[in-house]
Amino acid sequence: MKKGNIAVIGGANIEYIVKSKTDIVQGSKNFVDIEELFGGGGLNYALRLMGTGVSVCPLLYIGNDSLGENIQKSLLSRCDMSSSTYQHISRDNFFVEGLNTIRSIIMVEGQHRTILAQDQNSQNLFLPFLNNQIESAKNVSSVIIGHIHNDHKNINKDSSELSTLFAIDYFNDYKKFIYCNFGATQIEYGFSFWKDKLKSIDVLQLNIDEVRDFFRKDNFTPSLLEIIDILSTLEISGIITLDKFGAIGFMKNAPDTIYMARPVELGDAFVDSTGAGDAFCAGMVSVLDGNRNFDASLFKVAMEVARSWAVYACKSYGGANSCPTAGTIDAFHQKINLGNEVLEYSDDRMVDILSLIDSTFS
């Protein structure tokens with residue numbers, strides 16, 4: 001069955017992947033392999049969803065320059081000319097006026113990666129773009145709001161200028177399914193700032209380090225149990241990814257239960273975890289498919305599929321370098337999920353699991 005149209009809001013950039021088999025030594029000459037790829041959360045969501053045949057409406061932080069045009073051409077080459085996705089991407093005002101497309105360097109050293117990104121936050125260019133373009137996405141069934149670089153504190157003295165707030169309000173007015181996968185510039189405002197606005201979204205996804213940063217106040221960080229209790233009380237469902245150790249999920253109407261997607265070991269097939277969280281997000285939204293009243297059964301299926309999308313992303317360099325077709329990812333999903341279903345933990349068992357994760361990810 002064809003999935004509903006999904007709006008994706010976030011970044012798009014050129015990534016230079018610097019690959020080293022040994023640790024990079026500062027101050028010395030290092031011999032590395034370098035590969036140029038496309039990346040950025042918004043682009044990662046779009047490419048992975050498009051790969052499986054999902055209709056996408058991307059609203060990306062991308063400039064009208066040679067790099068931006070290359071990204072646009074790549075997107076257009078992956079969809080049918082008669083599709084709504086093609087029509088949206090090929091429009092003249094696809095680009096953010098006055099923006100130079102961001103470049104980033106990702107240094108991969110074995111299991112570790114370091115990201116160096118250009119700072120294009122001297123002025124707020126994205127909000128005017130959204131104001132002009134968001135109407136083109138009003139008929140979608142779901143929206144993913146990823147990392148919006150332009151929401152940086154340095155350039156937004158007035159919180160009403162935040163693109164994330166504008167997007168949440170717009171799609172909530174139309175009763176759309178909203179999935180937020182915040183990045184650094186949104187997390188820096190802290191939970192207290194976002195508390196009331198989060199009541200308007202359906203799912204919040206953060207990784208273990210991000211969720212601690214999000215809730216940290218006066219050098220105090222609540223436990224995972226306390227964080228999940230706070231979000232559940234506000235009727236917010238969520239995902240906390242644990243890098244290669246899987247993910248935990250919780251639902252607003254099941255405050256005493258967590259859902260655990262256990263890790264899948266790739267062995268020598270593991271290449272790079274860049275973009276795995278973005279792939280997890282896209283997988284979740286592809287299954288939930290605009291359903292704002294999803295039950296535990298659908299939520300668990302979504303987590304299982306999302307895990308497969310994330311694990312597959314670790315088989316290649318970059319955020320969306322190798323995007324599988326629906327048939328390829330379905331076959332991969334069947335293979336790695338055999339006997340590895342998402343598990344439920346309630347009450348005391350939930351407390352024990354969360355305490356173990358807290359102590360492990362110290």
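All of the numbers you see were taken from the coordinates with simple rules; none came from a lab. Here the structure is a predicted model, which means the values were calculated and not measured. Here the Cβ is made from the backbone with ideal geometry for all residues, glycine too, and neighbour counts use every protein chain on show.
Couplings for the stretch 59-64, taken from phi via the Karplus curve 6.51 cos²θ - 1.76 cosθ + 1.60 with θ = phi - 60°, read 10, 10, 7, 9, x, 8 Hz in order; Gly and Pro are left as x.
Remark on the stretch 43-120: Rg and Dmax equal 14.3, 43 Å (Cα only).
Based on the Kirkwood radius over alpha-carbon pairs, what value in µm²/s does the Stokes-Einstein equation return for the translational diffusion coefficient of the chain at 37 °C and 0.692 mPa s?
Calculated translational D: 158 µm²/s.
Rounded, prolate or oblate: which one fits the stretch 270-362, using the alpha carbon gyration tensor with axes a ≥ b ≥ c (rounded when a/c is under 1.5, else prolate when a/b beats b/c, else oblate)? Since a/c reaches 1.5 but b/c is at least a/b, the shape of the stretch 270-362 is classed as oblate.
Only residues of the stretch 124-157 count here: report those whose backbone N is under 15 Å from the spot 7 Å along Cα→Cβ of N291, or say none. Only 142 pass the distance filter.
Would you mind getting me the FRET efficiency between N172 and Q133? Use the beta-carbon distance for r and R0 = 22 Å, nearest 0.05. If you can, show how the numbers build up before the last one.
Numbers: r = 18 Å, r/R0 = 0.82.
Calculated value: 0.75.
Using the structure shown, list the pairs from K175/K199; K138/K199; K195/K217 with a Cα-Cα distance above 18 Å, or answer none.
Working: K175/K199 13 Å; K138/K199 20 Å; K195/K217 14 Å.
Long pairs (Cα-Cα over 18 Å): K138/K199.
In a fully extended conformation the segment linking E188 and Q123 would gain 21.6 nm over its present Cα-Cα distance, using 0.36 nm per residue. Subtracting the Cα-Cα distance of S359 and K252 from their residue separation scaled by 0.36 nm leaves 36.0 nm.
Over all pairs of different C-alpha atoms, the stretch 163-245 has a mean inverse distance whose reciprocal, the Kirkwood radius, equals 13.2 Å.
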